[in-house]
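Notes to accompany the following structure.
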Amino acid sequence: MQNRLELVRPALSSSQKSELEDTIKTGGFYKLRVLGGQGDHPLHVSIPARCLVAPGNKETFVAVTSYTGDLIGISYDMSQMQCDPLKRLSGTNEVTLAENALVTVTQAAAAPPVVKEAPTPEVKRTAPKAAVGSAQRRKDGDKEGEEGGEAAPPPDERTWLQRNWIYLIPMMFMLLNGLDISELAEARIHAIGMNGADRWTDLRKLLTRPGKVTGPGFEPDPALLEFLQEDARVLCVGAGGLGCELLKDLALQGFGNIDVIDMDTIDVSNLNRQFLFRMKDVGKSKAEVAAERIMKRVQGVTVTPHHCRIEEKPMEFYEQFHILVLGLDSLEARRYMNQVACSFLEYDDEGNPDMSTIKPMVDGGTEGLKGHARVILPGVTPCFECTLWLFPPQTKFPLCTLAETPRSPAHCIEYAHLIQWQQERSGDEFDTDNEEHMRWVYDKALQRSEHFGIQGVTWQLTGGVVKNIIPAIASTNAIIAAACALETLKLITMCSTGINNYMMYVGADGVYTHTVAYERDPACTVCSSSVPFEIASTSTLQQVMDALMADKTLGANLAAPSISHGSENLYMRGVLEEATRDNLSKSIGELVEDGGIIQVNDKKLVSTMRVKLKYSDLAAMQQ
Amino acid sequence: MIKLFSVKEKQKKEAAAANGKGVKQSAGELRLQKDISELNLQKGMSIKFPEGKDKLLHFEITMKPDEGIYKGGTFTFDFVIATSYPHDAPKVKCKTKVFHPNIDLEGNVCLNILREDWKPVLSINSVIYGLQFLFLDPNPEDPLNKEAAEMQKNNPRHFESNVQASIMRGHHINGHYFPPCK
């Protein structure tokens, strides 16, 4: 039979109550001071705050003693104790923690007095900062919380609700989580201080104080917070796994105006990690639902959704934002956004980027347990195109292996997908979203694997191989989004220097991160400076080309240039020469607008040269 | 940098700055312009852009091997280039039905640089060299058309005469008809 300590806690004053709530919030511990340890030295025991929150509620603890029978700890169970060697007390002690009197121990009737001289444990709630879960002896009586303790305990006359109200809160949370009652969810946010008056305490500390790690040009100013909440415009590209996390982080971080763009609709398989969405939202626009949810749950933020493809928005749309934050899942979309951000960049005559034209971009990406966060300042740090090689190639199997010597289940699946489909259903366009198509591939792959004695073709693997799916992990998204949101805040306020310029994260074996400063590609076709070139708009394309070749610096690397403007091929050597020859006699002003950039390709050039045309005759006219 | 976002001096850039600018072509297309301007087509080869000279992402290349067992034939390959080029390889299909160990009857081509060995430094030129090489040196060890490979290994003479007959006159081989492609 083990000793049972019964702790009864007194009613709380309102200040005690709020202190208690703080302790619960921070997951803090109460320290109990129990007199009657060895040599009457007080014994300190840490108990999680929640253990003591219900006044009068009876909790059973295990009391642990030393060999000599001294009480050395109180705990819920033995596993939480970290003292040795342990023995349980026999018999029952009732310890009552009463108002001011701190503690009374009542011996249970039948229990033999095991603890010598019937110790009167003194139990008191003190600062919540005690050591976690361990019972430790202190030879020197800790001075903390020794005051108090006179009056006798009044009988507990409160109702059940009064005594147990605090237990109801976590239960309500659970219900809310399960039921999604958004209006009530608001209450939860108030309860944990997301919208409270002290909401910006931490942010103010960052923005209104000088420091040694602040970014260039940072001046502490309370107006920065105002700027963040009222003027700063941030675009979150993508409202999926990363996007949901990003939106939440940005909103809670103080950004008052957020736009979100995503062309996707919500799928059932998103719900495990895209936490802004619920079952009833399936089929609706991700951007719209995400915007609505964020606004409902975070006070004072305006989230504007855009349910469309990123390509559908004009450049003016992207121009209005101070910063672009990307939560994308494809290389194509990243390259597109990169071109958008870089297209605003302008260089001065010395070839230095004009700082006011830099559209900063923060990019996050995750793949299973791995992820990255990077900061792109076009013209300053490498853009996507500069470091395209960072993206690993997709694993592709040789077709002949698939056809003749399959060795893995993936080989069988790819054979069914790439070769058998064409042979047997050549008129049909294969669609990864069509269940019947996927089922067909799975069946064929299974047959093939049986034929070759290969094991492991499953329905799940089929989806994985055909759609190139890598399982998304919610915590990876959360970590990467947090890093991105923080970088966004740093870039906007300069309250701290940001990462330079690429952070990788690997969560497969523990937590590993590494930050690398990648370098720009000076010949990058997207972010490198274009060469200004002045010529009359009335010159023919042939004359422009001749002038380029005659130029002392530019001409050095030109032998037989081809010229394009955007997608338009103005004059191409080789196979398109005939098709483009007519343009040679056209005036350049007809083909390219003033200030337009032409791409010049030449075998002598390692990469495309970008030339910005400035029409001398137009400039003269304006003057 | 703070100047960029400065609260007080939020300089409104001229709206005109964005006008006329924009993403007019993908970075993949930019790279392709370079590839096409440097394209080396040998004698007998031709290229066609079915959607016009400014739509480079889709084209057809026709080649006429002037030696080897496929000499005299005319083979057309369809190239589809994704905007993710050069990260992803071009998608190449043979539009001419041909009895070849490395090209199947659907036109799939088994060429390492089109799949597992593709690298962004390679270009359209490299792919064309690869295709030419396939006609000069068909490889029966790594077959996509098993029947062709076995015939080439077991009876090279018979294989050669079958190939030539199909190119010149059209020919049935193992129940499949290969129309002439002179």
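The values are calculated or read from the model by the stated rules, or taken from the named source; none is laboratory data. These numbers were taken from a predicted model, which means no experiment stands behind them. Ideal geometry is used to build each Cβ from the backbone, glycine not excepted, and the neighbour counts take in all protein chains shown.
In the range A:387-401, the condition of being farther than 27 Å from residue A:329 by Cβ and more than 14 Å from chain B (Cβ to nearest Cβ) is met by no residue. The number of residues in the range A:549-563 that are in contact with a strand residue (DSSP E or B) (Cβ under 9 Å, 6 or more places away or on another chain) and either farther than 15 Å from residue A:603 by Cβ or touching a residue at least 40 places away in the same chain (Cβ under 8 Å) (or both) comes to 7. When residues in the range A:525-542 are screened for being closer than 15 Å to residue A:600 by Cβ and either surrounded by fewer than 20 Cβ atoms within 10 Å (Cβ to Cβ) or of a type outside the set (Val, Ile, Thr) (or both), 9 of them pass. Checking every residue in the range A:418-432 against the condition of being within 13 Å of another protein chain (Cβ to nearest Cβ), surrounded by 18 or more Cβ atoms within 10 Å (Cβ to Cβ), touching a strand residue (DSSP E or B) at 6+ places or on another chain (Cβ under 6 Å) and over 25 Å from residue A:268 (Cβ atoms) gives zero matches. Among the residues of the range B:95-103, are any crowded, with 17+ Cβ neighbours inside 10 Å, within 11 Å of chain A (Cβ to nearest Cβ), closer than 29 Å to residue B:162 by Cβ and in contact with a Lys or Arg (Cβ under 7 Å, 6 or more places away or on another chain)? So far as the range B:95-103 goes, no, none of its residues is crowded, with 17+ Cβ neighbours inside 10 Å, within 11 Å of chain A (Cβ to nearest Cβ), closer than 29 Å to residue B:162 by Cβ and in contact with a Lys or Arg (Cβ under 7 Å, 6 or more places away or on another chain). All conditions in (1) surrounded by fewer than 22 Cβ atoms within 10 Å (Cβ to Cβ); (2) over 18 Å from residue A:233 (Cα atoms) hold for residue A:373, with the sole exception of (1).
The set of residues from the range A:336-367 being more than 13 Å from residue A:315 (Cβ to Cβ) and at pLDDT 90 or above comprises A:338, A:358, A:360, A:361, A:362, A:363, A:364, A:365, A:366, A:367. Screening residue A:597 on (1) within 14 Å of chain B (Cβ to nearest Cβ); (2) at pLDDT 90 or above shows it passes everything except condition (2). Note on the range A:229-330: enclosed helices (runs of 4 or more DSSP H) holding 2 or more residues that are under 29 Å from residue A:391 (Cβ atoms), within 20 Å of the chain's Cα centre (by Cα) and among the acidic types (Asp, Glu) are A:241-253.
Restricting attention to the range A:339-347, does a residue exist that is without any contact (Cβ under 8 Å) to a residue 12 or more places away in the chain and either surrounded by fewer than 17 Cβ atoms within 10 Å (Cβ to Cβ) or assigned to a helix (DSSP H, G or I) (or both)? Checked against the condition, which is being without any contact (Cβ under 8 Å) to a residue 12 or more places away in the chain and either surrounded by fewer than 17 Cβ atoms within 10 Å (Cβ to Cβ) or assigned to a helix (DSSP H, G or I) (or both), the range A:339-347 yields no hits at all.
Of the residues making up the range A:302-317, none is in contact (Cβ under 8 Å) with a residue 40 or more places away in the chain, assigned by TED's automatic domain parsing to the domain that holds residue A:358, under 18 Å from residue A:477 (Cβ atoms) and buried (at least 22 other Cβ atoms within 10 Å of the Cβ).
Yes/no per residue for (1) of a type in the set (D, E, K, R); (2) facing another protein chain (nearest Cβ under 9 Å):
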| residue | (1), (2) |
| --- | --- |
| A:566 | no, yes |
| A:580 | no, yes |
| A:585 | no, no |
| A:602 | yes, yes |
| A:611 | no, no |
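Of all residues in the range A:206-219, those being away from chain B (no Cβ under 11 Å), over 24 Å from the mean Cα position of the chain (by Cα) and in contact (Cβ under 8 Å) with a residue 12 or more places away in the chain number 2. Looking at the range B:79-126, which of its residues are of a type in the set (A, V, I, L, M), within 16 Å of residue B:33 (Cα to Cα) and outside any helix (DSSP H, G or I)? Those that are of a type in the set (A, V, I, L, M), within 16 Å of residue B:33 (Cα to Cα) and outside any helix (DSSP H, G or I): B:80, B:81, B:82, B:89, B:121, B:122. The residue pairs whose first member lies in the range A:349-370 and is within 14 Å of chain B (Cβ to nearest Cβ), whose second member is outside any loop (DSSP other than H, G, I, E, B) and loosely packed, with under 13 Cβ neighbours inside 10 Å, and whose beta carbons are closer than 7 Å, counting only pairs six or more residues apart or on different chains, are A:355/B:3.
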